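Here is the structure we will look at.
The values are calculated or read from the model by the stated rules, or taken from the named source; none is laboratory data. Every value quoted in this text rests on a predicted model; they were computed, and no experiment measured them. Don't worry about glycine lacking a Cβ; one is built from the backbone with ideal geometry, like all the others, and counts go over all protein chains shown.
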Amino acid sequence: MKQSTLPFKTRKDAPKDEVSLNARLLIQAGFIHKEMAGVYSILPLGLRVIEKIKAIVREEMESLGAAELSMSAFQEKAIWEKTGRWDDAVVDNWFKTTLKSGGELGLGITHEEPITNMLAEHVSSYKDLPVAVFQFQTKFRNELRAKSGIMRGREFLMKDLYSFSATDEEHAAFYNRAKDAYMRIFQRVGLGDITFPTYATGGIFSQFSLEFQTITDAGEDVIYLDRKSKLAINKEIMSDDISNEIGVDKATAEELKTVEVGNIFNLGTKFSEPLGLTFKDEKGDRYPVIMGSYGIGIGRLMGTIAEVFSDEKGLVWPKSVAPFEVHLIALNDAEGKVLAEAENIYQLLRTAGIEVLLDDRHVSAGAKFADADLIGIPMRIVVGSKGLADGTVEITDRHTGEVKTLAISVPDIVTHFHG
């Protein structure tokens, strides 16, 4: 992509009405646009990051044998009434509407009910199990507070996975594999060393859950972390009994601010029984299916990465989720020779499969460097008049600040990035 063709520009100053660092940086750098409190549109640079995160998550979900689908955001009242969760006294963050033809429907806050209802038409025997499905889908939650940027929104993209098993042992095996897949996801997006499985309340889903909490001062949660076991307990449920059961001693554990970037729930038969999702075993006896649900907020994950990987100059994306691998900057010269050489490097790098953002704008060098720092692409190539005369370019690592001089040789440059 060429920067001159980007319709959404960086901003000189961060928006004053945003409290959270992630929203200030992502808006200022041109990754998102605020529509209203808790509602953001994703701009081209931001969409590239979202798609990189989705690709990692999708790969790990498919490694579990889960099949991807896409479900409707509309929620049927009757299905939710069967599980007792339509009532606002039970689930208080619904967006609901009345149909012109009569009756109510809701906008999806989660999809346990509809996926259970759907699978009831496709599962009848133990031979149909186990099965798992997942989707990337927009959720709607009428949050009272929406002050954490894209880490807590009223409209947001979620990956939700649902598993269906015949026995507790079958479910436990999948649950543990899903836990490992989640940790691989957080490792791959750069958060692995500061993200920990955390015992927590199950909220509207089940009695207890396992959260994945990332250490950051921007977090709304507090956990007690045992570094040795790499296990933690959410402060909300910490008690002597739970501390002893899990093996996390509050007296010696670290108390840390964190943000929840994922969660997994043992649902048991909470949804399968009221919605009639059953199977026949080898003897012909009928039993309810045992379920689990597994969520990751994709936008929340992007916001957490922005919080963690940033400095006083702007964003510093991990390579795995950066919108581009290389930011190629052409410094202006009167003859246009620098831009011509940068265009040549740009085309050849693209041919080599390297994703490049070319800054071909007619603005000052200072403006280009400031925008490059703000946007946060991990590697930067600078082509200037002096380097062109010497036959060299400068390559800067945004993470370390290390600067190298390299000969203007596309094979050498490609080798530098791809080994």
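Quick notes on this structure:
- Residue that is surrounded by the most Cβ atoms within 10 Å (Cβ to Cβ), among those in the stretch 179-216 that are over 14 Å from the mean Cα position of the chain (by Cα) and among the β-branched types (Val, Ile, Thr): Thr198
- Any hit, the stretch 172-181, residues being of a type in the set (Gly, Ala, Ser), in a loop (DSSP other than H, G, I, E, B) and on the phi < 0 side of the Ramachandran plot: no
- Test for Arg227: is it basic (Lys, Arg) and modelled with pLDDT of 95 or more: no
- Filter result for Gly190 (modelled with pLDDT of 95 or more and in a loop (DSSP other than H, G, I, E, B)): yes
- Residues within the stretch 364-419 that are more than 17 Å from Arg350 (Cβ to Cβ), more than 29 Å from the chain's Cα centre (by Cα) and not β-branched (Val, Ile, Thr), tallied: 16
- The single residue among Ser293, Ser320 that is closer than 19 Å to Glu260 by Cα, hydroxyl-bearing (Ser, Thr, Tyr) and either in contact with a helix residue (DSSP H, G or I) (Cβ under 8 Å, 6 or more places away or on another chain) or in the same structural domain as Leu129 (by TED's automatic domain parsing) (or both) turns out to be Ser293.
- Selection from the stretch 217-242 of residues that are more than 27 Å from Ser310 (Cα to Cα) and crowded, with 19+ Cβ neighbours inside 10 Å: Ile233, Met238
- The residue of the stretch 301-320 that is farthest from Glu169 (Cα to Cα), among those that are out of contact with any Leu (no Cβ under 9 Å at 6 or more places or on another chain) and touching a residue at least 40 places away in the same chain (Cβ under 8 Å), is Val316.
- Among the residues of the stretch 19-53, those identified as of a type in the set (D, E, K, R), surrounded by fewer than 18 Cβ atoms within 10 Å (Cβ to Cβ) and more than 21 Å from Phe324 (Cβ to Cβ) are Lys34, Glu35.
- Selected residue (only one of Ile237, Ile298, Ile264, Ile290 is of a type in the set (A, V, I, L, M, F, W, C) and more than 24 Å from Asp92 (Cα to Cα)): Ile290
- The stretch 1-116 holds strands (runs of 3 or more DSSP E) entirely within its bounds, and those carrying 3 or more residues that are farther than 30 Å from Ala181 by Cα map to 32-36, 95-98, 104-107.
- No other residue among Asp412, Asp397 is over 25 Å from Arg11 (Cα atoms), of a type in the set (D, E, K, R) and not assigned by TED's automatic domain parsing to the domain that holds Ile56 apart from Asp412.
- Some residue of the stretch 280-287 being crowded, with 22+ Cβ neighbours inside 10 Å, assigned by TED's automatic domain parsing to the domain that holds Ile223 and either within 31 Å of the chain's Cα centre (by Cα) or not in a helix (DSSP H, G or I) (or both): no
- Ile395 vs. criteria assigned to a strand (DSSP E or B) and either at pLDDT 90 or above or of a type in the set (A, V, I, L, M) (or both): yes
- In the stretch 257-273, the residues that are surrounded by 17 or more Cβ atoms within 10 Å (Cβ to Cβ), farther than 14 Å from Phe212 by Cβ and modelled with pLDDT of 95 or more: Phe271, Ser272
- Here Leu64 fulfils each of the conditions (1) out of contact with any Phe, Trp or Tyr (no Cβ under 8 Å at 6 or more places or on another chain); (2) in contact (Cβ under 8 Å) with a residue 60 or more places away in the chain apart from (1).
- Of the criteria (1) farther than 29 Å from Phe74 by Cβ; (2) part of a loop (DSSP other than H, G, I, E, B); (3) out of contact with any helix residue (DSSP H, G or I) (no Cβ under 9 Å at 6 or more places or on another chain), which one Asp217 fails: (3)
- Subset of the stretch 120-150 [small (Gly, Ala, Ser), touching a strand residue (DSSP E or B) at 6+ places or on another chain (Cβ under 7 Å) and surrounded by fewer than 17 Cβ atoms within 10 Å (Cβ to Cβ)]: Ser124, Ser125
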